[in-house]
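First comes the structure, then the notes that go with it.
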Amino acid sequence: MSKKILITGGAGFIAHHVIDKILSTTDWEIITLDRLDFSGNLNRLKEVVSSYPESEQKRVKVVHHDLKAELNPEIISTIGEVDFISHLAAGSHVDRSITYPLEFVMDNVVGTANILEYARIINNSNNLERFIYFSTDEIFGPAPNGIDYKENDRYNSTNPYSATKAGGEELAVAYENTYGLPVYITHTMNVFGERQ
C-alpha cells in the first residue's frame, strides 16, 4: 500500500523541489498545506507537477491553510491520515524578520506548534513514521574561521528569523521527548536552484 506525506509550505522554494523528488522516486500520495503568501508560488509547484503524466499529477493535492491557526476538523478531514510530515512552512527572510519580528514568531513558533499538535493527535491513532522539521544553520550564528558547528553546539541566534527557527526546533524536540513523536531535524544552509 502506498504511503502518504503531508508537506507544509508546498508552494515554497525548498518544498516544491521535495515534491518533485517524491513524485519521481515514489508512488506516495502528497498533500501540501500552504497559505500561499508572497513566499509560496503555485506557478512554481504547477510547473513541477505538470511535467508528470496526468496519473502522477493526481497524487498531489493542495490544501489552503495558514498554520498560525490550529488545524480545524474540516482541514484534518481533508488531509486524512498521513505516514510522514515534512514541515517546511516558515517565514524565511531575515530582513523582514528584523522589521516584523512578531510575524515570524507567529509563523515559525506558533505555526510549528500547531503542526506538531496535529502530528501528536494523528500519531496516537496512526503511528506517524516521521516528522521532519526543516531548520536552519543560522540558529548557531556566524561561524568563526576554522570552526564547523556540530548539531549539539550552543545556539547563538543573531536575528528574529534564526531565533524563531530555534524556537520551533526546540518545540519539535519537546514533542519528541514528551509525546514520543518520531522527530528528525535538518539544519539547511543557503539553498538555491531552479525556479528561485
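The values are calculated or read from the model by the stated rules, or taken from the named source; none is laboratory data. Quick caveat, the model's predicted, so the values are computed rather than measured. Positions of Cβ are generated from backbone atoms using ideal geometry, with glycine treated the same way; all protein chains shown enter the neighbour counts. Remember, those area values only see protein heavy atoms, side chains included, never the ligands or the DNA or RNA. Shrake-Rupley method; radii C 1.70, N 1.55, O 1.52, S 1.80 Å.
When every residue of the stretch 88-111 is checked against the conditions, none turns out to be closer than 13 Å to Ile31 by Cα, touching a residue at least 24 places away in the same chain (Cβ under 8 Å) and among the charged types (D, E, K, R).
Check Lys21 against each of (1) under 15 Å from the mean Cα position of the chain (by Cα); (2) exposed (fewer than 14 other Cβ atoms within 10 Å of the Cβ) and name the one condition it does not meet. Of everything listed in (1) under 15 Å from the mean Cα position of the chain (by Cα); (2) exposed (fewer than 14 other Cβ atoms within 10 Å of the Cβ), Lys21 misses just condition (1).
In the stretch 157-170, the residues that are under 15 Å from Pro142 (Cβ atoms) and in contact (Cβ under 8 Å) with a residue 12 or more places away in the chain form Cβ pairs under 7 Å with partners that are buried (at least 21 other Cβ atoms within 10 Å of the Cβ) and charged (D, E, K, R), at six or more places apart or across chains, as follows: Tyr161/Glu138; Ser162/Glu138.
Against the numbered list (1) modelled with pLDDT of 95 or more; (2) touching a strand residue (DSSP E or B) at 6+ places or on another chain (Cβ under 6 Å); (3) within 19 Å of Gly9 (Cβ to Cβ), Glu129 comes up short only at (3). Going by what's in this entry, would Val191 be described as touching a residue at least 24 places away in the same chain (Cβ under 8 Å) and part of a loop (DSSP other than H, G, I, E, B)? Here the answer is yes, as Val191 does meet what is asked. Here Val105 passes the criteria (1) touching a strand residue (DSSP E or B) at 6+ places or on another chain (Cβ under 8 Å); (2) open to solvent by 50 Å² or more (accessible area, probe 1.4 Å) except the one numbered (1). Applying the selection to the stretch 57-101, what residues are loosely packed, with under 14 Cβ neighbours inside 10 Å and within 14 Å of Ile122 (Cβ to Cβ)? Those that are loosely packed, with under 14 Cβ neighbours inside 10 Å and within 14 Å of Ile122 (Cβ to Cβ): Pro73, Ser77, Gly80, Glu81.
All of Asn123, Asn114, Asn108 fail the test of being assigned to a helix (DSSP H, G or I), more than 22 Å from Ala11 (Cα to Cα) and under 19 Å from the mean Cα position of the chain (by Cα), apart from Asn123.
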